[in-house]
Amino acid sequence: MSAITDPPKGGFQLSQLIYDTRYRSMTIQIVALVLFLVGVGWLLNNAAQNLAALGKPLGFGFLGEAAGYDINQKLIEYNNQMSHGRAALVGVMNTLLVAVLGCIIATVLGVVIGVLRLSNNWIVARIMTFYIEMFRNVPVLLWIVLMMAIFIENLPAPRAFRGDAATASMYLGDAVAFTNRGFYFPKPDMFAGSMFVVVVFLLSIVGVFFFRRWSRKRQEATGEILPNFWITLGILIVPALVIYLILGRPIGLELPELKGFNFQGGIYMRNSLIALTLALALYTAAFIAEIVRAGIMAINKGQSEAAFALGLRPNRTMSLIILPQALRVIIPPLISNYLNLTKNSSLAIAVGYMDITGTLGGITLNQTGREMECLLILMAIYLAISLTISTIMNWYNESVKLRER
């Protein structure tokens, strides 16, 4: 009796890359990638040849040349004898400053406005609706210019703070000044031992993170709610304050003072920075408010009714039940609004704020004539910032997703 055996399997053949469903999709993707890279390479090579024919071979040596221009708002040391690369770095820092502050303010305002639009109070709901429709339907550039005009026309000049006949006064114990040239705030003065206070404060922030995590797990296990706000505040303030007092107050404040025709000392924030940040934040907050409203409305009304039946107050129902579930609807479109705010900051040149578009994409480009190199770097910087924001928010989105047991 002869045994039945399987037919011998043939070896791999090139035709399988097209006709075998196991390999076909991968083949198509590889071919598409190769064609894309070839197309990009051809475009870059063609651009390089044309630039060389014009006497401007592609190169980035200009970044080491002296910039020769000043920047009115800077977070790091810079003067006009430093390089174009340094000027570009200052512009990147200015862009990130507007993006971070704008996203924070827009998020807080958007959440509050979105919740208030669902209020049972007819007047409050209508006011929030008016705010949303007003900001959403007017170009953001107009809001930026209008905000700048409001600051220039309505805030007092520095001379109004001078002498006994002053028509304007400072705030918070002569520590803060709002003028039509900019805003002035107290600046921390670091003395010996100040780093210990800073390190303790940073460790307190880490401690807050672990405490909130432990408190949430404890609440899920026992149902007991701790006074998280006051405990968090204590963890943040008490350790650093104790070290501050023990070391003899190693951190002081440098207050702005009127000297000559302007204020000196303290932290100076130009009107252009404040106007740009507020305009972008108010504009973006209108879109975030609608996203928050949609996310809340996506949650079944029975969730709120069940919470009220258990005796939870409306604010706790919103913070503990509704918003955590709504986040899975809110976060994805929220990422797009953060990206839009960051890219809209390129309109800063309209009010004279020197961001990366104003430095590298403006003055440096015009002075050096290296338009191709400047635009490539500018595009790469915005791409890197956007991808970083997207990566962080996507990670957060994964962490708040509902997971089935």
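The values are calculated or read from the model by the stated rules, or taken from the named source; none is laboratory data. Bear in mind that the values here come from a model prediction, so they are computed numbers and not experimental data. Heads up, the Cβs are rebuilt from the backbone with ideal geometry, glycines too, and the neighbour counts pull from every protein chain shown.
The table that follows gives values for the structure above.
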item	result
Filtered residues of the range 338-358 (kept if part of a helix (DSSP H, G or I), within 22 Å of Leu282 (Cβ to Cβ) and not small (Gly, Ala, Ser))	Tyr338, Leu339, Asn340, Leu341, Thr342, Lys343, Asn344, Leu347, Ile349, Val351, Thr357
Count - residues of the range 238-264 that are of a type outside the set (S, T, N, Q) and surrounded by fewer than 13 Cβ atoms within 10 Å (Cβ to Cβ)	10
Candidate set: the range 100-130, residues that are touching a residue at least 12 places away in the same chain (Cβ under 8 Å) and in contact with a Lys or Arg (Cβ under 9 Å, 6 or more places away or on another chain); chosen: the one nearest to Leu273 (Cα to Cα)	Ile113
Qualifying residue in the range 360-377 (condition: at pLDDT 90 or above, within 18 Å of the chain's Cα centre (by Cα), closer than 14 Å to Leu63 by Cβ and buried (at least 17 other Cβ atoms within 10 Å of the Cβ))	no
Residue within the range 151-163 that is in contact (Cβ under 8 Å) with a residue 60 or more places away in the chain, assigned to a loop (DSSP other than H, G, I, E, B), small (Gly, Ala, Ser) and more than 18 Å from Leu280 (Cβ to Cβ) present	no
Residue match in the range 213-224 (condition: part of a loop (DSSP other than H, G, I, E, B), at pLDDT below 85 and loosely packed, with under 13 Cβ neighbours inside 10 Å)	yes
One residue from Ile385, Ile321 being modelled with pLDDT of 85 or more and either of a type outside the set (Gly, Ala, Ser) or outside any helix (DSSP H, G or I) (or both)	Ile385
Unmet criterion (only one of (1) at pLDDT 90 or above; (2) surrounded by fewer than 20 Cβ atoms within 10 Å (Cβ to Cβ); (3) in contact with a Gly (Cβ under 6 Å, 6 or more places away or on another chain)) for Leu203	(3)
Any hit, the range 303-318, residues being among the β-branched types (Val, Ile, Thr) and closer than 30 Å to Phe151 by Cβ	no
The range 291-306, residues that are part of a helix (DSSP H, G or I) and not hydrophobic (A, V, I, L, M, F, W, C)	Arg293, Gly295, Lys301, Gly302, Gln303, Ser304, Glu305
Residue in the range 296-306 that is in contact (Cβ under 8 Å) with a residue 40 or more places away in the chain and either touching a strand residue (DSSP E or B) at 6+ places or on another chain (Cβ under 9 Å) or surrounded by fewer than 19 Cβ atoms within 10 Å (Cβ to Cβ) (or both) present	yes
Residue satisfying condition, being over 30 Å from Ala380 (Cβ atoms) and either assigned to a helix (DSSP H, G or I) or out of contact with any Ser or Thr (no Cβ under 7 Å at 6 or more places or on another chain) (or both), within set Arg126, Arg86	Arg126
Flag if Gly361 is over 26 Å from Ile392 (Cα atoms), touching a Cys at 6+ places or on another chain (Cβ under 9 Å), assigned to a helix (DSSP H, G or I) and not polar (S, T, N, Q)	yes
Count of residues meeting criterion [in a loop (DSSP other than H, G, I, E, B) and among the small types (Gly, Ala, Ser)] in the range 228-262	2
Selection from the range 60-85 of residues that are closer than 14 Å to Leu365 by Cα and among the charged types (D, E, K, R)	Glu65
Matching entry among Gly39, Gly110 (being at pLDDT 90 or above and closer than 30 Å to Leu334 by Cα)	Gly110
